[in-house]
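Every read-out reported here was derived from the displayed coordinates using simple, explicitly stated rules and does not represent laboratory data. Remember, predicted model here, so these are calculated numbers, not experimental data. Here the Cβ positions follow ideal geometry from the backbone for every residue, glycine too, while neighbour counts run over all protein chains shown.
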Amino acid sequence: MSKNILILQHIPIETPGYLLDLMKLDKFNLTVVELDQGEKIPNNLSSFDAMLCMGGPMDTFMENEYPWLIDEKKAIAEYVLNLKKPFLGFCLGCQLLGEVLGGKVVESIPPEIGVLDIDIDKNAKDDHVFNFLPKKIKALQWHSY
């Protein structure tokens, strides 16, 4: 049975990249919503098996400049909190999830720019998705918040 995946994009170049290739190979049904192009998030969120929320140059608080952030936060809340379905956020997508869950996105002093170390939480060993990761990985980061 094929999986239905909802992908929320904020700019054309911020795609799931290699994950997109893998999902296509596995013949997943992909619904890509380009929010910056005025596309709307589907109302039938319960029909999706997972939601991916990509990055972008905007910040979570920039709702005046990017009014679609308001609807996106509502959709993330519905999907994660009410439907309790899998969500994977990248950069901005992760920040949006944090805010939806009651966290506060704050300015990084200094900004996290470059290939930097990420310490993997000790609980990752019990996670079905991330249990293979070493204790520390390097990743390209470009965050001011």
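Computed from backbone phi, the HN-Hα couplings of the stretch 88-100 come to 10, x, 10, 6, 4, x, 6, 5, 4, 4, x, 5, 4 Hz, rounded to whole numbers (Karplus: 6.51 cos²θ - 1.76 cosθ + 1.60, θ = phi - 60°; Gly and Pro given as x).
Rounded to the nearest Hz, the phi-derived 3J(HN,Hα) couplings of the stretch 8-14 under the Karplus curve 6.51 cos²θ - 1.76 cosθ + 1.60 (θ = phi - 60°) are 9, 10, 10, 8, x, 7, 9, where x marks glycine and proline. For the stretch 8-145, the tally of Lys pairs with Cα-Cα distances below 14 Å comes to 8, considering only residues 8 or more apart or on different chains. For the stretch 64-145, the list of GluC sites (Glu not before Pro) that fall in a loop by DSSP and count at most 14 other C-beta atoms within 10 angstrom reads E65, E107.
Taking N as the number of residues in the stretch 1-52, what value does Rg over Cα atoms divided by 2.2 N^0.38 Å take? Working shown, then result.
Numbers: Rg = 11.0 Å, N = 52, 2.2 N^0.38 = 9.9 Å.
Its radius of gyration relative to the 2.2 N^0.38 Å reference: 1.11.
For the stretch 47-130, a/c is not less than 1.5, where a ≥ b ≥ c are the root eigenvalues of the C-alpha gyration tensor, and a/b does not top b/c. That puts it in the oblate class. Applied to the stretch 109-125, the Karplus parametrisation 6.51 cos²θ - 1.76 cosθ + 1.60 on θ = phi - 60° returns per-residue 3J(HN,Hα) values of 10, x, x, 9, 10, x, 8, 10, 6, 10, 8, 7, 4, 4, 6, 4, 4 Hz, with x for Gly and Pro. Taking every DSSP beta bridge that has both ends in the stretch 33-145, the antiparallel portion is near 75%. Per-residue ellipticity at 222 nm computed for the chain from its helices equals -5500 deg cm²/dmol, with DSSP H segments shorter than 4 residues left out and the rest contributing -39,500 (n - 2.57). Let me make sure I get this right: for the stretch 86-145, a, b and c are the square roots of the gyration tensor eigenvalues over alpha carbons, sorted descending. Under 1.5 in a/c it's rounded, otherwise prolate if a/b > b/c, else oblate. Which is it? It comes out oblate by the Cα gyration axes.
Can you pull out the trypsin sites (Lys or Arg not before Pro) in the stretch 108-145 whose DSSP state is coil and whose Cβ has at most 14 other Cβ atoms within 10 Å?
Details: sites: K122, K125, K135, K136, K138; in loops: K135.
Counting only loop positions with at most 14 other Cβ atoms within 10 Å, the trypsin sites (Lys or Arg not before Pro) in the stretch 108-145 are K135.
Our summary gives the stretch 35-111 a relative contact order of 37 percent, counting only alpha carbon pairs under 8 angstrom and 6 or more residues apart. Placing one equal scatterer on every Cα of the chain and applying the Debye formula, the log10 ratio I(q)/I(0) at q = 0.22 Å⁻¹ is -1.61.
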